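What follows is a short report on a single structure.
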Amino acid sequence: MIRGTIIGSVWATRQAAGLAGRKLVLVAARDAEGRASGRVVVAIDTLDAGAGDDVTVAFGSGARNVLAPGPDNRALLCDAAVAAIVEGAG
Amino acid sequence: MFLGRVTGSVWSTVKWPAAKGLKLLLVRPYRLADLPPTVAGAAAGGESLDDLVVCADVLDAGPGDDVLVAFGHAARVAIAGALAPGQTPDAPIDAAVVAVVDRVELEGERGPGR
């Protein structure tokens, strides 16, 4: 997982069938000091996170588990998902 | 997933049979510094040093298009629906275009918050 800040949203009409109805957010990843590292990822958001929110993003099968419990979720099109909205980190 | 711009394509004659007929695009990932300076952290600069990503495309994207690219199993799920009869979704593909982007709404463009 990574920690990052939501900086926007993405819309597309021409998309793979498995993405239909998904809310997609742009997340600026943070480095070890908590600053933006420069890397930007796109994640599926089911937690109703908004711009400026501090979030964690899970990748791979961990991301699929955010959308539906495993192990029978391999048909889902999801490689990145917002897993938590962060309230504090130390 | 990441947001990127299609910069070109790749073709080959020698390849794994399961990858036959798959169109491959070159995509350059957007970095924070590529976004408008109104986005927090974007003005900090920094060059785009990421590698170009080669990804399968069944959505007919082309050079100049902004696209979303998924990695791993999600990439194979995305291309599975477009495979020819008899083709299996076990192509040696780990990245695929999953959307051709219409619009990106960035913080600061419509005010902060939800």
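Looking at segment B:1-33, which of its residues are within 13 Å of chain A (Cβ to nearest Cβ) and part of a helix (DSSP H, G or I)?
The answer is B:Leu32, B:Ala33.
Keeping to segment A:20-29, report how many residues are within 9 Å of chain B (Cβ to nearest Cβ) and crowded, with 20+ Cβ neighbours inside 10 Å.
Total satisfying the criteria: 3.
From the list B:Ala75, B:Ala61, B:Ala44, which residue is within 14 Å of chain A (Cβ to nearest Cβ) and under 19 Å from A:Val27 (Cα atoms)?
Result: B:Ala44 is the single residue among B:Ala75, B:Ala61, B:Ala44 that is within 14 Å of chain A (Cβ to nearest Cβ) and under 19 Å from A:Val27 (Cα atoms).
Check whether at least one residue in segment A:44-54 is farther than 18 Å from B:Val98 by Cα, in contact with a helix residue (DSSP H, G or I) (Cβ under 6 Å, 6 or more places away or on another chain) and aliphatic (A, V, I, L, M), and report yes or no.
No, that holds for no residue.
Tally the residues that are among the small types (Gly, Ala, Ser), surrounded by fewer than 18 Cβ atoms within 10 Å (Cβ to Cβ) and either in contact (Cβ under 8 Å) with a residue 40 or more places away in the chain or under 30 Å from A:Ala51 (Cβ atoms) (or both), restricting the search to segment B:10-39.
Within segment B:10-39, residues that are among the small types (Gly, Ala, Ser), surrounded by fewer than 18 Cβ atoms within 10 Å (Cβ to Cβ) and either in contact (Cβ under 8 Å) with a residue 40 or more places away in the chain or under 30 Å from A:Ala51 (Cβ atoms) (or both) number 3.
Residue check, A:Ile6 against (1) buried (at least 18 other Cβ atoms within 10 Å of the Cβ); (2) more than 17 Å from A:Cys78 (Cα to Cα); (3) at the interface with chain B (Cβ under 8 Å from one of its Cβ atoms); (4) more than 10 Å from the chain's Cα centre (by Cα), all met but one. Which one?
(4)
Has segment A:50-65 got any residue that is modelled with pLDDT of 95 or more, within 20 Å of B:Leu59 (Cα to Cα) and more than 7 Å from chain B (Cβ to nearest Cβ)?
No: segment A:50-65 contains no residue that is modelled with pLDDT of 95 or more, within 20 Å of B:Leu59 (Cα to Cα) and more than 7 Å from chain B (Cβ to nearest Cβ).
One line per residue, one yes/no per condition, for (1) outside any strand (DSSP E or B); (2) at pLDDT 70 or above:
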site: B:Pro37; (1), (2): yes, yes
site: B:Ala40; (1), (2): yes, yes
site: B:Ser48; (1), (2): yes, no
site: B:Ala56; (1), (2): no, yes
site: B:Asp60; (1), (2): yes, yes
site: B:Ile79; (1), (2): yes, yes
site: B:Leu83; (1), (2): yes, no
site: B:Ala99; (1), (2): no, yes
site: B:Arg110; (1), (2): yes, no
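The values are calculated or read from the model by the stated rules, or taken from the named source; none is laboratory data. In this text, all values refer to a predicted model and were calculated from it rather than measured experimentally. Note: ideal-geometry Cβ built from the backbone for every residue, glycine included; neighbour counts use all protein chains shown.
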